[in-house]
Amino acid sequence: MNNKVLRLVRPNILNLTPYSTARDEYKGPLGIFLDANENPYPDADGGGFNRYPDPAQREVKALLSEIKGVAADRIFVGNGSDEAIDLAFRVFCEPRTDNAIAIAPSYGMYRVAAAINDVEMREVRLGADFSLDSGAIMAATDEHTRLLFLCSPNNPSGNLFPRGQIAALIDGFPGMVILDEAYTDFAPEGSSFLGDLDRYPNLVVLQTLSKAWGMAGLRLGLGFGAREVIDIFSRVKYPYNVSAAVQGIVAERLRESARVAAQTAEIVSERARVMAALEASPAIATVFPSDANFVLVRTTGNPREMYDKLIAQGIIVRDRSRIPGCEGTLRITVGTPAENDKLLETI
C-alpha cells in the first residue's frame, strides 16, 4: 500500500481480522450449502432468498466495471453512498483525536457522519457565488486532519468546481480526499475523476445509482479508489450489506444503459428550459448555475411563502433558506416535462 495512505489508516483497522464466510473461500459452481445455517427450502417464487446474498457483490461489480471503466477490485458497493461516507470516518479517523474538513454549504451527511463517529468536522465556507476557497481549506488542516469531503457538482448549489482546482487540492491535501460525484452524470463529459485513480492514491470517488440511474429506492452507493483502500473498506463493512433482492434488480437495470442515457439527456435539456423560464420570472431573483439535476434559486420574496404555495399545489421542493450561504433559496429538482410545466405555471 502507498505509504502516505497507510499512515492514515487507524492501526486497529489495519490489524483487523474481518468476518469471513465459507463462501468467501468457495469459488466453485453451485453446490450443497450446509455452511451458513440457512433454511434449505427455496421460497415459493424461486427468488432464492433463503440464501444469504453474495457478500462481494461480484455480478454487480462486474457490470459496473464495464460501465465505469474501473477494475472490479477497485469498486466498493454499499447501502447508499452514506455507507461509504461512514466507513471513511471509521477507517481513517480516531474518535476525539482526528478531524475532517468539508465545504459548506454541502451535503449534510458529512457532518452527521462525523458527529456519529465523534470526529471534529471543520467546515470551510464557499464564496458568495459558491466558489471553492482552496487556500482556506488548506489553512484549516493540521497534523490530525485525515479527510476532506468535496461534492462536485455540489449539493445544494449545483455547481461543478474547476477540475484543476480539485486536482491541486488532492495533490496538496495531507489526508484522504473523498470526492462525491453523485451528480456527475448530469455534468459535462470529462469532469469525473474516475480515470485519475492511479494518479491519486489518496482519492476516493463516490458515485450513486440513486440519481441518473433511477434506483434511489434500492439504496446502492459506489466507492472507487486504490485497491488497498477498497480492500480495507470491504473488510470493515458488514458482510451482507446489500441484499440479494437489491443485487438482482440492480444487475438487471445496469443492462439498460441506453434508457438511462436517454433519460439523463432529457433531464439536462429540461434543466436548461426550467432555468431559462425561472430567470424570466419576476418571482425569482437569482438562478444559480447548475451542472446537476436540480436548480438552486433565490426568490424575490419570502421563500417560505413560495414553498407553501407550491405545497398547496402538490409540488414539493426543498427549502434551503435556513442554511448559511443559502439564505432566501429553494432547491428545485428537475422533473418530467409535465411536472416542470406545472412547477413553472405555479411559480
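What follows is calculated from the coordinates using simple rules that are stated; it is not laboratory data. Since we're looking at a predicted model, the values are computed, not measured. Every residue, glycine as well, gets a Cβ built from its backbone with ideal geometry; the counts of neighbours run over all protein chains shown.
Take every DSSP beta bridge whose two residues both sit in the chain, then give the antiparallel share in percent to the nearest 5. Mind dumping the intermediate values first?
Working: 18 of 37 bridges.
Here the antiparallel bridges make up roughly 50 percent for the chain.
Taking a ≥ b ≥ c as the square roots of the eigenvalues of the Cα gyration tensor of the chain, is the shape rounded (a/c under 1.5), prolate (a/b larger than b/c) or oblate?
Working: a/c = 2.07, a/b = 1.32, b/c = 1.57.
Verdict is oblate for the chain.
Which longest uninterrupted range of the chain lacks any GluC sites (Glu not before Pro) assigned by DSSP to a loop state (not H, G, I, E or B) and surrounded by at most 14 other Cβ atoms within 10 Å? Working shown, then result.
Details: sites that count: Glu38, Glu143, Glu189, Glu256, Glu327.
Answer - 39-142.
Among rounded, prolate and oblate, which fits the range 90-191 when a ≥ b ≥ c are the square roots of the eigenvalues of its C-alpha gyration tensor, a/c under 1.5 means rounded, and a/b larger than b/c means prolate? Intermediate results must be reported in sequence, preceding the final value.
On the way: a/c = 1.78, a/b = 1.54, b/c = 1.16.
Note, shape of the range 90-191 comes out prolate.
Using 0.36 nm per residue of separation minus the Cα-Cα distance, give me the extension gain between Asp133 and Ala312 in nm, one decimal. Intermediate results must be reported in sequence, preceding the final value.
Working: separation 179, 0.36 × 179 = 64.44 nm, distance 3.93 nm.
Full extension of this stretch gives 60.5 nm more.
Quick one: among Ser157, Ser290, Ser257, which has the greatest mean-square fluctuation in a GNM of the chain with alpha-carbon springs under 10 angstrom?
Ser257
Lys and Arg at +1, Asp and Glu at -1: add these up for the other residues within a Cβ distance under 13 Å of Ile323 and post the number.
On the way: positive: Arg111, Arg125, Arg298, Arg318, Arg320, Arg322, Arg331; negative: Glu123, Asp319, Glu327.
Around Ile323, the surrounding residues sum to +4.
Which one of Pro40, Pro289, Pro174 has the biggest mean-square fluctuation once the chain is modelled by GNM with Cα springs under 10 Å?
The residue with the greatest mean-square fluctuation here is Pro40.
Okay, helix-only estimate at 222 nm for the chain: each DSSP H run of n ≥ 4 adds -39500 (n - 2.57), divide by all residues, round to 500 deg cm²/dmol; what do you get?
Numbers: 13 runs with 122 residues, N = 347.
Taking each H run of at least 4 residues, the total per residue is -10000 deg cm²/dmol.
What is the dipole size for the chain, taken about its Cα centre, with +1 at each Lys and Arg Cβ and -1 at each Asp and Glu Cβ, in debye to the nearest 20? Display every interim value, and only then the final one.
On the way: 36 positive and 44 negative charges, 44 e Å.
Result for the chain is approximately 200 debye, rounded to the nearest 20.
What are the aspartates and glutamates whose alpha-carbon lies under 18 Å from the alpha-carbon of Lys27, with same-chain residues fewer than 8 places away excluded?
Asp35, Asp54, Glu59, Asp73
Using a 10 angstrom cutoff on alpha carbons, build the Gaussian network for the chain and name the most mobile of Ala139, Ala182, Ala283.
Comparing Ala139, Ala182, Ala283 in the GNM, the peak value goes to Ala139.
Can you give the extra length, in nm with one decimal, that the chain gains between Glu252 and Glu279 once fully stretched, where that is 0.36 nm per residue apart less the Cα-Cα distance? Mind showing how you got there, number by number?
Numbers: separation 27, 0.36 × 27 = 9.72 nm, distance 3.99 nm.
Result: 5.7 nm gained on full extension.
Within the chain, which is the longest segment that contains none of the trypsin sites (Lys or Arg not before Pro) sitting in a DSSP loop with at most 16 other Cβ atoms within 10 Å?
97-198
Counting only residues 5 or more places away or on other chains, whose amide H sits under 5 Å from the amide H of Phe294 once H atoms are built in the peptide plane?
Answer set, sorted by chain and number: Val334.
What residues have an amide H closer than 5 Å to that of Val124, excluding those fewer than 5 places away on the same chain, when H is modeled at 1.01 Å from N in the peptide plane?
Ala102, Ile103, Ala104
Give me the net charge of Ile101's neighbourhood, meaning all other residues with Cβ under 14 Å from the Cβ of Ile101; Lys, Arg count +1, Asp, Glu -1. Could the numbers behind the result be given before it?
Numbers: positive: Arg111, Arg122, Arg125, Arg146; negative: Asp98, Glu120, Glu123, Asp133, Asp142, Glu143, Asp180.
Spelling it out: positives minus negatives among the neighbours equals -3.
Any number yet on Rg/Rh for the range 258-346, C-alpha, Kirkwood?
Values: Rg = 12.9 Å, Rh = 13.3 Å.
Rounded to two decimals, Rg over Rh is 0.97.
Taking 0.36 nm per intervening residue step and subtracting the Cα-Cα distance, what contour gain separates Glu339 from Ala261 on full extension? Don't jump to the answer; show the numbers that get you there.
Working: separation 78, 0.36 × 78 = 28.08 nm, distance 1.99 nm.
Answer, rounded to one decimal: 26.1 nm.
Stokes-Einstein D for the range 190-347 at 25 °C, 0.890 mPa s, Kirkwood Rh over Cα pairs, in µm²/s? Numbers along the way, then the final one.
Details: Rh = 18.4 Å.
Translational D for this selection: 133 µm²/s.
Below 9 angstrom from the Cβ of Val295, what's the summed charge of the other residues (Lys, Arg +1; Asp, Glu -1)? Before the final figure, lay out each step's value.
Details: positive: Arg271, Arg331; negative: none.
Overall, the nearby charge balance is +2.
Roughly how many nanometres apart are two label points built 7 Å out from the Cα toward the Cβ at Leu6 and Ala216?
Modelled inter-label distance: 4.4 nm.
Going Cα to Cα from Lys309, which aspartates and glutamates come in below 17 Å? Please leave out same-chain ones fewer than 8 positions away.
The reachable aspartates and glutamates, counting only those whose Cα sits under 17 Å from Lys309, are Asp319, Glu339, Asp341, Glu345.
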